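Asks: Below is the structure I would like to discuss, written out as structure tokens.
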């Protein structure tokens, strides 16, 4: 990664996210000579176009696991704020400074986004491809995906894929949280009932709230739909009614927190065996992602779909950005 990118990706972000701390003096530390500390500072400042008011602190040298190199940390400070330490590699002969990122790929990416305990469509829990969607029941783009995109995937891949929705109701959608809570009240007892509600709410979102378009009316309609579905599924109606009345959003808030940690900022956000897909994507590209996940799992993807219309004619809707 270029030093310029390193500084702006890590240095500026870190400076903006930390409380004020005493500023350390610029200069050498530990077993680095003042001359070597200055060489490092000049290189980074010039390569990264670091503003002149940013002070440097070059830290101590410590062993690294890269043969021929030690580790040296660099921090930036401005207006009393100190960045996180940024690690660099310094060759043992003192002639080369390098920056290198190391990532742990020992964990299956499929396990990074859980669908455990959620109602699912498609294959069983051991299906080779898990598609986790962070969904907002008041989001029009989510509604389009629910109506067109996911049925197409299930038709093509059958039980090779398992589709799970997780909750990400956005603040600008006033009844989305209520819808998430209510559908989960049914989903705790009936997967079929959950999906019936999700499909209906997405398909009739413009009707929720009635002619008044108030949150109170929307809540009343959502609660009524939920209790009707509980009766239809012959599940414990008293338990569902108590759940609806309580409106406990703790599980949904936890889902949102986990989504944010995964970099989700808009809906729908789709993870295919842990690979995040954002923005409007042609269907053939989505098929390619899923086919790749199947091949990695030792499975054979279906034959290419035969259609008179190009696959690109049905793109995945762009995520709804906050404020939409």
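Just so it is clear, none of the values below were taken in a lab; they were calculated from the coordinates. As the structure is a computational prediction, the values presented were derived from the model and not from experiment. Positions of Cβ are backbone-derived with ideal geometry, glycine not excepted, and every protein chain shown enters the neighbour counts.
Asks: Computed FRET efficiency, Cβ-Cβ of residue 215 and residue 254, R0 25 Å: what is it to the nearest 0.05?
Replies: 0.60
Asks: So in segment 89-190, what percent of DSSP beta bridges are antiparallel if you round to the nearest 5?
Replies: 40 percent
Asks: When the chain is fully extended, how far beyond the present Cα-Cα distance does residue 295 get from residue 111, taking 0.36 nm per residue of separation?
Replies: Once the chain is fully extended between residue 295 and residue 111, it gains 64.5 nm.
Asks: With the radius of gyration and the Kirkwood radius both derived from the Cα set of segment 109-313, what is their ratio Rg to Rh?
Replies: Here the Rg-to-Rh quotient is 0.98.
Asks: Which number do you get for Rg(Cα) / (2.2 N^0.38 Å) in segment 38-177?
Replies: 1.71
Asks: At a 10 angstrom cut-off on C-beta neighbours, averaged per residue, how do the peptides 95-101, 174-180 rank from highest to lowest?
Replies: The packing order, highest mean first, is 174-180, 95-101.
Asks: Something else: Would you mind calculating the gained length between residue 199 and residue 303 on full extension (0.36 nm times residue separation, minus the Cα-Cα distance), in nm to one decimal?
Replies: Full extension of this stretch gives 34.6 nm more.
Asks: Starting from the 7 Å offset along Cα-to-Cβ, what nm value, one decimal, do you get for the label separation of residue 124 and residue 237?
Replies: Spacing of the two 7 Å Cα→Cβ label points: 3.5 nm.
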